[in-house]
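Visitor: Here's a structure for you.
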Amino acid sequence: MEKLAVNLHLIKKYNVPGPRYTSYPPATQFSESVTWDHLRPLIEAQTNSTADLSLYFHIPFCHSLCWFCGCTNIVTRDQTASSTYISYLQKELNLLVGLVNQERPVLQIHLGGGSPNFLTPSEILKLGQIIKNNFNISQNVEAGVEIDPRTTTLEHLEAFKNAGFNRVSMGIQDHDPQVQKAVHRIQPKELNQQVINWIRQTGFKSLNIDLIYGLPYQNPQSFAKTLNEVIQFNPDRFAVFNFAYVPWLKKHQLALKNLPSPETKLELLKLAIETLTAAGYVYIGMDHFAKSTDELAIAQKNHTLQRNFQGYSTHAGADILAFGMSSISQTDSFYRQNTKDINEYYAFLDSGKIPHKKGYILNNDDILRRKTIMRLMCDMELDFNYMSKMLNIDFPQYFKSELISLKEMEQDELVQILPTGLKVTQMGRLLIRNIAMKFDKYSNATPTTHFSKTI
């Protein structure tokens with residue numbers, strides 16, 4: 001992969017708050033006025049569907065709080081919390097499986113958090129059995145789990161593997177001791193190497209490493225050292241996240257001091273992109289990098305890449321069926337989110353009710369825009385003839401004002417607008433969220449405090 005050069009002037013110009021487009025419309029449009037009674041007929045209408053499924057299970061617990069965290073989590077040292085939670089996941093599953101054709105092939109499973117390795121090995125095996133007992137798991141399923149290396153043992157990894165998981169995503173963030181101390185996450189390089197050795201020893205087929213730029217005390221020299229060290233771990237994928245400083249939403253972030261300046265933060269991003277692409281990783285888009293032989297890179301090349309709440313995915317057309325507090329389910333026609341409050345989650349299930357909190361039912365225009373933003377963010381281009389046929393519209397006419405609004409971006413060489421389509425340049429890949437916002441009819445109606453900056 002050719003090294004990707006970064007223009008800091010353009011990054012600075014377009015660095016504004018915006019959605020990540022793991023859904024369209026964004027989750028900020030979900031409403032409590034869309035109740036379970038509104039969605040149940042839509043769900044029942046799909047009872048006999050044979051479409052592929054993707055399963056998500058949210059495990060909210062962490063042993064300690066990382067001060068940069070923006071996730072929906074619960075910090076506790078009470079190990080019994082997870083066994084109670086597993087029993088409620090079983091209750092939720094029992095309520096939903098009757099509304100789902102259990103013969104639908106499950107192509108993807110994702111265990112997110114929190115820290116899924118908060119579960120004990122026996123609880124991991126129990127959850128794996130629950131999943132296998134209730135769903136038709138494809139022989140080629142992609143089953144991923146997020147882990148915190150600081151609390152992961154070999155026994156945890158063996159349990160995940162025996163439960164059917166075959167991919168691991170582990171958070172490293174930064175190797176610098178001063179940065180780790182500042183964010184309340186001590187995680188030496190040697191510890192990471194040990195856990196990676198276990199992952200490979202146990203037989204997982206894919207490893208992703210998460211990094212974060214914009215943390216306290218980070219500078220180009222120290223972050224370059226981290227990048228060079230983690231490249232030596234030889235993961236299949238990297239996710240390099242922009243630290244979203246939102247203390248008005250996450251009060252614990254107020255504890256963070258000595259954050260890098262906006263200019264330094266952009267230098268860190270430039271460094272990460274140029275270092276990883278020079279090392280042979282393909283820049284997929286947003287935060288994601290993958291080896292050229294990885295399924296993500298191949299899917300992008302073949303125009304079969306997808307995007308959902310788990311980020312980039314290789315499976316098109318799969319409905320997401322999600323379980324656990326705060327989890328979000330997705331179909332072609334609606335989104336449904338569970339309550340984020342664990343006590344309310346338990347109370348719903350104790351009363352025999354689905355723990356639904358809010359949702360969204362898509363209209364025809366939403367569907368057109370969702371498919372357009374999906375293809376733009378995954379393919380980094382829009383073929384007008386293909387889009388017109390797929391959406392059954394005259395694409396250039398329907399989106400005439402949106403295409404006109406891209407003129408400034410074309411002048412800045414972020415996109416090329418041709419009679420036959422739109423192509424995103426290499427520099428434009430960094431600002432794909434900004435480009436997608438041009439097709440988002442809600443982008444000017446949502447308070448910017450709801451979103452992190454695009455870079």
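Please treat every number below as a calculation from the coordinates, not as lab data. Computed from a prediction, not measured in an experiment: that's the story for all the values here. All Cβ positions, even for glycine, are placed from backbone atoms using ideal geometry, and neighbour counts span all protein chains on display.
Visitor: Among DSSP bridges having both ends in the chain, what percentage is antiparallel? Round to the nearest 5.
Guide: 45
Visitor: Of LYS357/LYS423; LYS189/LYS250; LYS91/LYS358; LYS257/LYS340; LYS340/LYS441; LYS13/LYS371, which ones are farther than 30 Å apart at the Cα?
Guide: Beyond 30 Å between Cα atoms: LYS357/LYS423.
Visitor: If you don't mind, there's one more thing I want to ask. Report the Rg/Rh value for segment 349-455, based on alpha-carbon coordinates and the Kirkwood definition of Rh.
Guide: Here Rg/Rh amounts to 1.08.
Visitor: Hey, what do the phi angles of segment 179-193 turn into as Karplus ³J(HN,Hα) couplings, whole Hz, using 6.51/-1.76/1.60 and θ = phi - 60°, x for Gly and Pro?
Guide: Per residue, the Karplus-derived 3J(HN,Hα) values read 5, 4, 5, 5, 9, 6, 8, 7, 8, x, 4, 4, 5, 4, 4 Hz.
Visitor: Roughly how far apart, in whole Å, are the Cα centres of segment 230-245 and segment 307-331?
Guide: Using only Cα atoms, the two centres lie 22 Å from each other.
Visitor: With a/c under 1.5 counting as rounded, go ahead and sort segment 8-142 into rounded, prolate or oblate using the C-alpha gyration tensor (a ≥ b ≥ c being the square roots of the eigenvalues; past the cut-off, prolate if a/b is larger than b/c, else oblate).
Guide: Oblate.
Visitor: Still on this structure: Long-range amide H contacts for PHE238: which residues qualify at under 5 Å (H placed 1.01 Å from N, peptide plane, sequence gap of 5 or more or a different chain)?
Guide: The answer is ILE209, PHE289, ALA290.
Visitor: Here is a follow-up. Provide the packing ranking of 255-262, 49-56, i.e. peptides ordered by the mean count of other C-beta atoms within 10 Å per residue, highest first.
Guide: Per-residue Cβ counts within 10 Å, averaged per peptide and sorted highest first, yield 49-56, 255-262.
Visitor: Under a point-charge model restricted to the Cβ atoms of Lys and Arg (+1) and Asp and Glu (-1), what is the dipole moment magnitude of the chain relative to its Cα centre, in debye to the nearest 20?
Guide: That gives a dipole near 500 debye.
Visitor: Please state the shape class of segment 247-368: rounded when a/c is under 1.5, otherwise prolate if a/b exceeds b/c and oblate if not, all from the C-alpha gyration tensor.
Guide: Oblate, since a/c reaches 1.5 and b/c is not below a/b.
Visitor: Hey, another quick one. Magnitude of the Cβ-charge dipole of segment 317-450, K/R +1 and D/E -1, about the Cα centre, nearest 20 debye?
Guide: It comes to approximately 200 debye.
Visitor: Along the charge dipole of segment 27-323, which of SER292, TYR88, ALA239 sits closest to the positive end, that is, farthest toward it, with unit charges on the beta carbon of Lys, Arg, Asp and Glu (+1, +1, -1, -1)?
Guide: Among SER292, TYR88, ALA239, the one farthest towards the positive end of the dipole of segment 27-323 is ALA239.
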